Amino acid sequence: MRELAFEQIEAEQDLYEAVRAVEWERWMTPDTTFRVHFNVHSSLLRNTRFGLYRIKDAVCDRMLDRTGRRPSVAAEAPDLYLTCYLENRRLSIGLDAAGEPLHMRGYRVAQHETSLREHLAAAMVLMSGWEPSRPLHDPFCGSGTILIEAAMIATNTPPSHYRKRYGCMGWADFDRTRFEDLRQEAEAAIRPMHRLRISGADRDERAVRMARDNLRSSGFDATVEVQTRRVRARRRRRRIHHHESTIRGARGGRSLVARDMAVLPGAGSRLPGGPGGSDRRRGRVREGLRAASVQAQPAQQRADSLRARAVRDPHLTPWRVDGRAHD
C-alpha cells in the first residue's frame, strides 16, 4: 500500500472530510475508474457499508469540485485501487499496489468451491521438503493447484509470470520501463522443464478436467500427468517409488507437515503397521517417502492419528506438529 494520508478522526463525519482532503486529482482523471476497499476495526462506525459509500462520495465530490466531472466506480478491473483502514480512531488512506490479491497468479481458468489458494499450495510444497529431483504425487489433486505450484517451484517460475496487471500500473507516476526490466530479469531465471516427475489423480472427472485446463493455461500440461482414479486403485496397480513425495490437501483446517514417514499416500488407517493395516503390505513401502497433509482436525488429534499410522523405524527422523517433535 502507498499511503497518501494518515488522520486521527473523532466522529463518523470526519471520515468523509479526511478522504475528501486528499488531492485525488493528482492520481486520477474523470475518466479513471476506481474501487475502494475499506477495512474497519472501530466503534466509530455503526455500519461499515455506509462508511464505504462515504469514502466513494468523498472521492467523487473532490473530483467534481476540481475537474467538473465525477469518476466512475468499477467493481471489476478498475484503473485505481483505493484502500482505507480505520483502527479505533486512526485512519490510513492510500493506494493498493497489488490490485487483485497476490495469491491470484493468473493461470487459473477453472476452479471448484474447495480449490486451494495458490500461495497455500506453494507453502505446502515448500514445507513438505520435496525436491524437484524426486517424484511428487497429489492423490486428491482437485483443480491441480499443488501440481502447478510444484512445477513453478521446480522451474523457478516467478509468481508474477502469468499475471498481466497490478494496481500500481494505474498510478500517474508508474515507471513502466523499470517494471518491464524487473519482469524480464525474473523471467530470465526460469529453468527448463527437464525430468520433472509430477503427477496427480482425482476420482472426480470434473475436477480432473479443471486440472487439465489449468495445466494447459500454465504451460505444464505436457509435463504433469493427471488421471481420473481412486486412491485404492493406485495402490493396487503400482508400487510406490523410492523417495517419492505425496502431498495431500483436505477442506479447511490448519497446515500439517509430516516428514520422513514411510507411508502409503492417501491410505489412511490401512497403512502397514497401523490400525487396519497389514504387515504383509510392508514390501510396498520404501524408506524416504514423505507425506504432507492439511487436515481439518485439531492439531493434537492430527498428531495422534498420524503417529499411529507411521511405520515404526528407529532410522526415521522425528516429525513436528505445531513446533513439537513426535517420534
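Derivation of every value follows stated rules applied to the coordinates shown; laboratory data play no part. If you're wondering where the values come from, they're calculated on a predicted model, not measured in any experiment. FYI the Cβ positions are ideal-geometry reconstructions off the backbone, even for glycines, and counts take in every protein chain you see.
Note that the range 2-95, at 4 °C in a medium of 1.567 mPa s, gets a Stokes-Einstein diffusion coefficient of 98 µm²/s from its Kirkwood radius over C-alpha pairs. Between HIS112 and ASN156, the modelled labels are 3.6 nm apart [label points 7 Å from Cα along Cα→Cβ]. Between MET104 and GLU12, the C-beta separation translates, for a Förster distance of 51 Å, into a calculated FRET efficiency of about 0.95. Each residue of the range 136-143 was assigned a 3J(HN,Hα) from its phi angle through the Karplus expression (A = 6.51, B = -1.76, C = 1.60, θ = phi - 60°), giving 9, 9, 10, x, 10, 6, x, 8 Hz with x at Gly and Pro. The magnitude of the dipole of the range 2-95, with charges of +1 and -1 set on the Cβ of Lys/Arg and Asp/Glu and taken from the Cα centre, is near 160 debye.
Dipole magnitude for the range 159-199: computed about the Cα centre from +1 point charges on Lys and Arg Cβ and -1 point charges on Asp and Glu Cβ, it is near 400 debye.
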